[in-house]
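**Q** Pasting a structure below so you can have a look.
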Amino acid sequence: MCGIVGVIANRPVASLVLEGLKRLEYRGYDSAGIATLSGANIERRRAQGKISNLDARLQQEPLPGNIGIGHTRWATHGKPNETNAHPHATKRVAVVHNGIIENYKELRAELEGKGCMFLSDTDTETIAHLLTLYIEEGLSPRDATAKALKRLEGAFALALLFSGDENLLIGARRGSPLAIGYGDGEMYLGSDALALAPLTNRITYLEEGDWAEIKRDSVTVHDASDAVVKRPIQQTSLSGAMIGKAGYRHFMLKEIFEQAGVIGDTLNSLVDPATGELQLPELPFNWKDLSRITLIGCGTAHYAGVVAKYWFEQIAKLSVETDIASEFRYREGPMPKGGVMIVVSQSGETADTLAAIHYAKSQGQKIIAIVNVLGSSMARLADVVVPTLAGPEIGVASTKAFTTQLVVLAILALDCAVKRGMITKDEMATHVKTLREVPSDINAVVQQHEQIRELSQSLAEARDCIYLGRGLNYPIALEGALKLKEISYIHAEAYAAGELKHGPIALIDEDMPVVVLAPRDALFEKTASNIQEVMARGGKVIVFAHPEGVKSINPKPFWSMALPDVDSFVSPLLYAVPMQLLAYYTAMAKGTDIDQPRNLAKSVTVE
Ligand code: F6R
């Protein structure tokens, strides 16, 4: 949610800042801007809309200067127009900001009372004026920053530059992530290591409350009390190549096709290939002692948690409470003494999930974080991190992060089931074997993508769509509907197939496509009956089922596709993939912006 970049070098930086912003565009794309110092003056170029608009602007009016900051925005306060685009600046200071300044109204009133003229509707502009005020009172940029940070409430990552000081960039973080990159005679700031990947692989992640003075050849980090602190420099394994499209038209399609590989990688990190033993990090609790666990995430990550609820309850006989983080955090529900919360998140930065962790910690819970971004805030807050090895996920709609989250959750559920004595080691080995077969089954499904593309031509005509599933595939129906909504803008809802008769069946008519997930499992016949009920009311049924299942449906549905006949335990992993392809090709047919759908951002770091 908003991306920020800063560069201080001995060469013009505008193009470097722009390239960094392009790699952060997944975080927001309502407007973008860059400010540099040219001599003593702050110069800015800003543009509404995507970074390509800013790029065009810079072609016409290049920005000189060897120090600069940039921003790509997901609007919170104020319309997504050029006036509200960052950087916000006065003659003395330019600022880019990711987050929300919660006390901006009071600050703005105070500053306006002192004669400051505000030009935008943003919360961020208060920071520029506050710093300017302190500098005009005689403070150095560094002391002005230290003083201003103490006045700000809310969440932020900031990059600041100051007129008259061509060797100083200041970065600060509270609640939103910020990384410092080390180059040769140049230094960088970025919302994440991805932004900086082509420039450096030497990164320091600022800790909560830190702020840093960055010069061309030195970095001084202060903690929240302004004391100078040392933060480790880490080597990242990201390379520029990992964040390209590799010949695919969209990141989303590339990421769908990558799933067989990254599921295999994640599985191999969790199961010893020689012995078949699970190799999870040491857990600071005993599964046997637990009466219930809590599983929290948002959106797609939450649906991964809902699948896991079925796994934990069915095979490990452990009760699971699943919830979306934005509700959980305010519900103030009781949590069992000595309990465990598992959080699921691709970015590891989602504000609501972070708040849920803080609540759970206040209730004495141990936290397991399943995250894709290792240096993320959630990874740092958790007692145990079990990473998904999906690699960078750039498409805003989550795909490979979801299926790798499922792999980690399945392994945790198996570990739990064995340790609680609910399954034998041999039964666990059988489940692991079926998980090992998933990559080749997924490859078989993606090979059939042309069939799904054909179906999508007619789905693209629909105004609404219903998804149905049962058991482990009910959350996959929810996920399928979410994917369709977010990238094709077709209204889609998912229901547990058994719930259809309790209301939603009234929606069925000949214009309503109904996507049904019907793997081979104990509930197949019941789902098959639901298919007949929908067809009897004229609904256009689209079935994904195992080969025998497809044959058995009579009369024939509008469209069907046979998927590999997998064990029901792993069916959510497999059935998620055609849901992603269906959404992708429907969005293609509608010509929407698939990697950057309207109104969305990849990492939701505000409430
Ligand atoms: C949907 C999607 C979102 C995210 C949600 C949580 O395709 O990507 O629903 O799953 O915003 O994000 P993370 O996983 O980063 O916490």
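The values are calculated or read from the model by the stated rules, or taken from the named source; none is laboratory data. Treat the numbers as computed from the prediction; the structure is a model and nothing was measured. Backbone-built Cβ (ideal geometry, glycine too); neighbour counts: all protein chains shown. Protein only, heavy atoms only, side chains kept; ligands, DNA and RNA dropped before computing areas. Shrake-Rupley method; radii C 1.70, N 1.55, O 1.52, S 1.80 Å.
**Q** Relative to the present Cα-Cα distance, how much length would full extension add between residue 277 and residue 507 at 0.36 nm per residue of separation?
**A** Roughly 77.9 nm would be gained on extension.
**Q** Shifting gears a bit: Please give the per residue accessible area of the chain, computed with a probe of 1.4 Å over protein heavy atoms only, in Å². Let's see the in-between values first.
**A** Numbers: 22550 Å² over 607 residues.
For the chain, the per-residue accessible area is 37 Å².
**Q** Wrap a convex hull around the Cα atoms of region 466-540, take a quarter of its surface area, and give that in square nanometres. Walk me through the intermediate numbers first.
**A** Numbers: hull surface 18.1 nm².
Average projection, Cα convex hull of region 466-540: 4.5 nm².
**Q** If you don't mind, another one. Please sort 31-39, 394-402, 52-60 by packing, taking for each peptide the average over its residues of neighbouring beta carbons within 10 angstrom, highest first.
**A** Result, highest mean first: 394-402, 31-39, 52-60.
**Q** For the cross-link pairs 91/215; 91/114; 254/556, which exceed 25 Å when the distance is taken from alpha carbon to alpha carbon? Walk me through the numbers before you get to the answer.
**A** Numbers: 91/215 21 Å; 91/114 17 Å; 254/556 33 Å.
Correct reply: 254/556.
**Q** Remind me, relative contact order of the chain in percent, using alpha carbon pairs under 8 angstrom and six or more residues apart?
**A** Values: 1389 pairs, mean separation 70.3, N = 607.
It rounds to 12 percent for the chain.
**Q** Would you mind telling me the share, in percent, of accessible area of the chain contributed by carbon and sulfur at probe 1.4 angstrom? Mind dumping the intermediate values first?
**A** Values: 11050 of 22550 Å².
Summing carbon and sulfur atoms, their accessible area is 49 percent of the total for the chain.
**Q** Right, another one. Return the calculated 222 nm mean residue ellipticity for the chain, to the nearest 500 deg cm²/dmol, obtained by summing -39500 (n - 2.57) across DSSP H runs with n ≥ 4 and dividing by the residue count.
**A** Counting only the DSSP helices, I get -11500 deg cm²/dmol.
**Q** For region 280-365, what mean projected area does the convex hull of the alpha carbons give, in nm²?
**A** The orientation-averaged projected area of the Cα hull of region 280-365 comes to 5.5 nm².
**Q** Spin-label point model (7 Å from Cα, Cβ direction): what's the residue 11 to residue 313 distance in nm?
**A** 5.8
**Q** As a test of reading the structure, rank 220, 353 by solvent-accessible area (1.4 Å probe, protein chains only), most first.
**A** Values: 220 45, 353 0 Å².
Putting 220, 353 in descending order of accessible area: 220, 353.
**Q** So, one more: Expected output is a single nm value to one decimal: the length gained when fully extending between residue 288 and residue 458, i.e. 0.36 nm times separation in residues minus the C-alpha distance. What is it?
**A** 56.1 nm
**Q** A further question follows. Label points 7 Å out from Cα along the Cβ direction at residue 106 and residue 215: separation in nm?
**A** My value for the distance between the label points is 3.6 nm.
**Q** On a 1.4 Å probe surface of the protein chains, which of 335, 117 comes out largest in accessible area, and what is the full order?
**A** Result of the area sort, largest leading: 117, 335.
**Q** Reported to two decimal places, what Rg/Rh ratio describes region 162-217 when computed on Cα atoms with Rh from the Kirkwood expression?
**A** That ratio is 0.96, to two decimals.
**Q** Using a 1.4 Å probe and counting only protein heavy atoms, arrange 294, 430 so the residue with the most accessible area comes first.
**A** 430, 294
**Q** Next question. Sort largest first and round to whole Å: the equivalent ellipsoid semi-axes of region 1-139, each the square root of five times a Cα gyration tensor eigenvalue.
**A** Values: eigenvalues 115, 67, 27 Å².
Equivalent-ellipsoid dimensions as semi-axes: 24, 18, 12 Å.
**Q** On to the next question. Roughly how compact is region 491-607, stated as its Cα Rg over 2.2 N^0.38 Å to two decimals? Walk me through the numbers before you get to the answer.
**A** Values: Rg = 16.0 Å, N = 117, 2.2 N^0.38 = 13.4 Å.
Ratio of Rg to 2.2 N^0.38 Å for region 491-607: 1.19.
**Q** Efficiency by 1/(1 + (r/R0)^6): what FRET value for residue 140 and residue 361, r their Cβ-Cβ distance, R0 = 30 Å, to the nearest 0.05?
**A** 0.20
**Q** Shifting gears a bit: Between residue 117 and residue 522, how many nm apart are label points set 7 Å from Cα along the C-beta direction?
**A** Modelled inter-label distance: 7.3 nm.
**Q** Does anyone have the angle between helix 524-536 and the longest principal axis of the chain? Alpha-carbon axes, 0 to 90°, nearest 10?
**A** Tilt of helix 524-536: around 80 degrees.
**Q** Provide the descending list of Cα extents for region 245-436 along its principal axes, expressed in whole angstroms.
**A** Here the spans come out as 51, 41, 25 Å, largest first.
**Q** Report the semi-axes of the equivalent ellipsoid for the chain in whole Å, largest first, where each axis is √(5λ) for an eigenvalue λ of the Cα gyration tensor.
**A** 45, 27, 21
**Q** Suppose we take every Cα in region 121-263 and form the convex hull; what volume per residue is that in Å³?
**A** On the way: hull volume 22.8 nm³, N = 143.
In region 121-263, the Cα convex hull volume per residue is 160 Å³.
**Q** So how do 297-309, 193-205 stack up, highest first, on mean other-Cβ count within 10 Å?
**A** Working: 297-309: 25.8, 193-205: 21.7.
Top to bottom by mean Cβ count within 10 Å: 297-309, 193-205.
**Q** Note the full-extension length gain between residue 81 and residue 424 as 0.36 nm times their separation in residues minus their Cα-Cα distance, in nm to one decimal.
**A** Working it through step by step, the gained length comes to 117.4 nm.
**Q** Please list 512-519, 230-237 highest first by mean number of surrounding beta-carbon atoms within 10 Å per residue.
**A** Highest mean packing first, the order is 512-519, 230-237.
**Q** Nearest 10 degrees is fine. How inclined is helix 51-60 to the longest principal axis of the chain, computing both from alpha carbons?
**A** 40
**Q** Cross-link partners among aspartates and glutamates for residue 425, C-alpha distance below 12 Å, same-chain residues fewer than 8 apart left out?
**A** Partners found: 277, 415.
**Q** Once amide H atoms are placed 1.01 Å from N in the peptide plane, what residues at a sequence separation of 5 or more from residue 271, or on another chain, have their amide H within under 5 Å of its amide H?
**A** 279
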